[in-house]
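For reference, the structure is listed below as structure tokens.
The values are calculated or read from the model by the stated rules, or taken from the named source; none is laboratory data. These figures come from a predicted structure and were not determined experimentally. For neighbour counting, all protein chains shown are included, and Cβ atoms are generated from backbone atoms with ideal geometry for every residue, glycine included.
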Ligand SMILES: Cc1cc2nc3c(=O)[nH]c(=O)nc-3n(C[C@H](O)[C@H](O)[C@H](O)COP(=O)(O)OP(=O)(O)OC[C@H]3O[C@@H](n4cnc5c(N)ncnc54)[C@H](O)[C@@H]3O)c2cc1C
């Protein structure tokens with residue numbers, strides 16, 4: 001019987017083990033943690049955004065790095081295949097805003113349990129607390145792995161799914177990158193991605209915890225626009241976070257030194273003229289009120305003191321005394337709320353790793369190394385990354401499907 005070792009019991013590792021066992025291989029899964037899928041457990045704030053239900057062609061547009069490499073894997077195991085796969089394993093799924101797919105139960109643990117059960121049904125030998133130290137390669141051919149306890153495990157093929165470097169507490173400590181380098185593979189620069197953004201202005205701190213469901217988000221370097229999107233944004237004690245910010249961060253690193261300004265449109269559904277008319281109507285309704293007491297219908301409570309301060313309109317001024325010029329300043333502030341980026345979040349905060357094993361040296365149709373026969377890679381360890389919305393797990397499922405089917 002062909003023996004396959006899978007190193008790493010995360011999303012990609014469990015999928016690879018299942019697919020390999022379905023092919024009739026004898027599969028051994030080695031996970032260094034005391035349980036499977038520690039990172040999977042915290043995905044989607046514990047709800048696990050398993051994939052995205054968008055049109056398959058749209059998937060490629062959400063991949064930030066090396067989307068062409070994914071043609072074979074995305075078409076071999078599509079997002080619809082992922083949905084069917086989990087529903088057949090007894091995890092009913094639901095679709096939320098932005099086509100994000102979650103378990104109906106809202107529990108990532110259901111996804112992990114389903115994968116674990118399926119491995120059990122297929123006879124995968126799952127070993128926990130089993131840390132791999134090195135790969136054993138002879139004459140450009142994989143023959144097994146060396147364990148941290150000194151023992152050797154022999155195999156005909158090895159699939160490495162040890163993940164990236166983000167949230168190292170979940171077990172992703174980059175071991176696989178070192179093994180790949182030792183095997184002669186190029187590993188591209190590794191940087192934290194899908195991270196919160198640090199902001200110079202103190203206003204963010206004052207609005208900490210405030211979440212805006214729909215914000216226009218534009219990032220500029222000088223006058224050049226480097227990113228524009230609309231979506232959910234959260235103010236934090238050091239800056240901004242939330243889906244639209246995380247996605248921006250995937251493109252931001254290379255512009256940091258040049259200086260990035262973020263412009264928020266706090267009222268994206270209205271033009272400046274419509275917003276001005278709306279403010280005039282509000283002022284007419286509150287004709288004898290002071291400016292500081294006139295914005296409750298327009299803005300969240302936490303934001304009002306900041307807007308008042310930045311508008312430079314006296315808070316005590318009666319609204320019927322506010323000039324057109326002052327109103328124009330207020331409208332501009334709400335449509336062009338500017339913030340200065342000072343930095344990006346670190347590995348402890350990063351959703352994913354940008355960079356990884358160079359895909360040029362991997363066969364995109366099988367995930368096999370072009371340098372070492374019988375050695376396969378899948379998941380976040382590869383130089384692939386995508387935006388938030390379930391796309392990164394889809395990369396894990398699809399690449400692991402191919403590795404498992406072919407190893
Ligand atoms: C907070 C957070 C939320 C996220 N939410 C989402 C989401 O909702 N949707 C989405 O699509 N993506 C999400 N992601 C990204 C997603 O979790 C990853 O893309 C995905 O987990 C990568 O899977 P993987 O199997 O390649 O790596 P991992 O899931 O990191 O698994 C790697 C495994 O290998 C094991 N391992 C490492 N070294 C060794 C060794 N030497 N010996 C044995 N085992 C080893 C590790 O312990 C770990 O279990 C999120 C990430 C984070 C951090």
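Assess whether residue 389 counts as being within 10 Å of the ligand (Cβ to nearest atom), in a loop (DSSP other than H, G, I, E, B) and either surrounded by fewer than 17 Cβ atoms within 10 Å (Cβ to Cβ) or in contact (Cβ under 8 Å) with a residue 24 or more places away in the chain (or both).
yes
Look at residue 272 and say whether it is modelled with pLDDT of 95 or more, in contact with a helix residue (DSSP H, G or I) (Cβ under 6 Å, 6 or more places away or on another chain) and either within 16 Å of residue 217 (Cα to Cα) or surrounded by 14 or more Cβ atoms within 10 Å (Cβ to Cβ) (or both).
yes
Mind listing just one residue for me: the one in the range 310-343 that is without any contact (Cβ under 8 Å) to a residue 60 or more places away in the chain and in contact with a strand residue (DSSP E or B) (Cβ under 8 Å, 6 or more places away or on another chain) and, of those, nearest to residue 206 (Cα to Cα)?
Selected residue: 315.
So for the range 355-363 (the condition being more than 17 Å from residue 158 (Cα to Cα) and crowded, with 23+ Cβ neighbours inside 10 Å), does at least one residue qualify?
Looking through the range 355-363, at least one residue is more than 17 Å from residue 158 (Cα to Cα) and crowded, with 23+ Cβ neighbours inside 10 Å.
What number of residues in the range 298-325 are assigned to a helix (DSSP H, G or I) and surrounded by 15 or more Cβ atoms within 10 Å (Cβ to Cβ)?
9
Give just the number: which of (1) farther than 17 Å from residue 116 by Cα; (2) more than 7 Å from the ligand (Cβ to nearest atom); (3) modelled with pLDDT of 95 or more; (4) surrounded by fewer than 23 Cβ atoms within 10 Å (Cβ to Cβ) does residue 73 not satisfy?
Of everything listed in (1) farther than 17 Å from residue 116 by Cα; (2) more than 7 Å from the ligand (Cβ to nearest atom); (3) modelled with pLDDT of 95 or more; (4) surrounded by fewer than 23 Cβ atoms within 10 Å (Cβ to Cβ), residue 73 misses just condition (4).
Can you tell me which residue in the range 193-227 is surrounded by the most Cβ atoms within 10 Å (Cβ to Cβ), limited to those that are assigned to a strand (DSSP E or B) and out of contact with any strand residue (DSSP E or B) (no Cβ under 7 Å at 6 or more places or on another chain)?
Top of the filtered list is 221.
Please name all residue pairs, on different chains or six or more residues apart, with Cβ atoms under 6 Å, provided the first residue is in the range 396-407 and is under 17 Å from residue 353 (Cβ atoms) and the second residue is part of a helix (DSSP H, G or I) and more than 12 Å from the ligand (Cβ to nearest atom).
What qualifies is 399/73.
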